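Structure first, then comments.
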Amino acid sequence: MSAKEIAVKIGSISLKAAGSIAILLFLLSLTDLPYNAYHWLGTSNSKLRKKPDVIVLLGGSGMPSPDGFIRCYYASEAAKQFPNAEIIIALPLNENDSNAQLKMMAHELIIRGIDSTKIRYEALGFNTHTQAENIAAMHGVLKKLKTVVIITSPEHMYRSVRSFKRVGYTSVGGVPAFEKPIDKEKVQDTQKSKDKRVKSLELRYNIWSYLHYELLVSKEIFAILYYKLKGWI
């Protein structure tokens, strides 16, 4: 078999494999498995057993971004619930805008009623592992006495909690920043309605949402495996 024929065969096999995977992902999007996996990543390792001393707001995509705003919302709610906790915003410095994004996140908390004197920053970590290490260094030997609650995206919660436990914190929980969808009754058609509402939420919304969850979960599984191989969780 010539090199050209081998290349054609490999290409054909790859194309068939890609097609099979695409079909499988589509079929999975017709079930609740993608959301259940997404929800599991956000809740399975995040139960908070006592009041936190520290609220860690992981910056995610930075500011302004939907991800950043929703995390700030949850962080401000946690800060109101636990007013004695210090707040640490962890977001890498951007060479182009210095600490502007950190300040924007802090501003978002402040306009929601959070005391600015309670806010600290961790701007040197460049991933979840190094952010956890740097925050642990802030607390030194006291880290084992600190209870930490992490604010981050649901798919990122499992790895975040495990990362903080790995660097020495013994009491770590989380508040996953789940989106809050509108009530389906407001968009779905009913027998009595005569307007142009959606006839099938599954076809119009759920399939695309679940495909998105599949992408998030798949990406996070690879990240978790990488962290395990590195010994970071």
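The values are calculated or read from the model by the stated rules, or taken from the named source; none is laboratory data. What you see is a predicted model; the values in this text were computed from it and never measured. Cβ: placed from backbone, ideal geometry, glycine included. Neighbour counts: every protein chain shown. Areas reflect the complete protein model, heavy atoms only, side chains present, ligands, DNA and RNA absent. Shrake-Rupley method; radii C 1.70, N 1.55, O 1.52, S 1.80 Å.
Below, the figures for the structure above:
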read-out	value
Single match in G168, G173 (criterion: outside any loop (DSSP other than H, G, I, E, B), open to solvent by less than 40 Å² (accessible area, probe 1.4 Å), modelled with pLDDT of 60 or more and not acidic (D, E))	G173
Selection from region 53-63 of residues that are touching a strand residue (DSSP E or B) at 6+ places or on another chain (Cβ under 8 Å) and either open to solvent by less than 10 Å² (accessible area, probe 1.4 Å) or free of Cβ contacts under 8 Å to residues at least 40 places away in the same chain (or both)	V54, I55, V56, L57, L58, G59, G62
Subset of region 77-95 (residues that are part of a loop (DSSP other than H, G, I, E, B) and within 20 Å of T130 (Cα to Cα))	L91, P92, L93, E95
Residue that is surrounded by the most Cβ atoms within 10 Å (Cβ to Cβ) [pool: residues in region 96-118 that are assigned to a helix (DSSP H, G or I) and aliphatic (A, V, I, L, M)]	M105
Any pair with Cβ under 6 angstrom, 6 or more apart, that starts in region 126-149 at a residue that is of a type outside the set (G, A, S) and ends at one that is open to solvent by less than 50 Å² (accessible area, probe 1.4 Å) and in a helix (DSSP H, G or I)	T128/S160; T128/S163; H129/S163; K143/A136; K146/H139; V148/F164
Selection status of N45, part of a loop (DSSP other than H, G, I, E, B) and open to solvent by less than 50 Å² (accessible area, probe 1.4 Å)	yes
Which listed residue, of Y74, Y121, Y158, is closer than 29 Å to K180 by Cα, part of a strand (DSSP E or B) and open to solvent by 20 Å² or more (accessible area, probe 1.4 Å)	Y121
Number of positions in region 80-94 that are open to solvent by less than 10 Å² (accessible area, probe 1.4 Å) and within 17 Å of R49 (Cα to Cα)	1
Close pairs from region 19-37: first more than 22 Å from R159 (Cβ to Cβ), partner open to solvent by 60 Å² or more (accessible area, probe 1.4 Å) and of a type in the set (D, E), Cβ under 8 Å, at least 6 apart	L30/E202
Residues within region 124-134 that are closer than 17 Å to N99 by Cβ and either among the charged types (D, E, K, R) or part of a helix (DSSP H, G or I) (or both), tallied	2
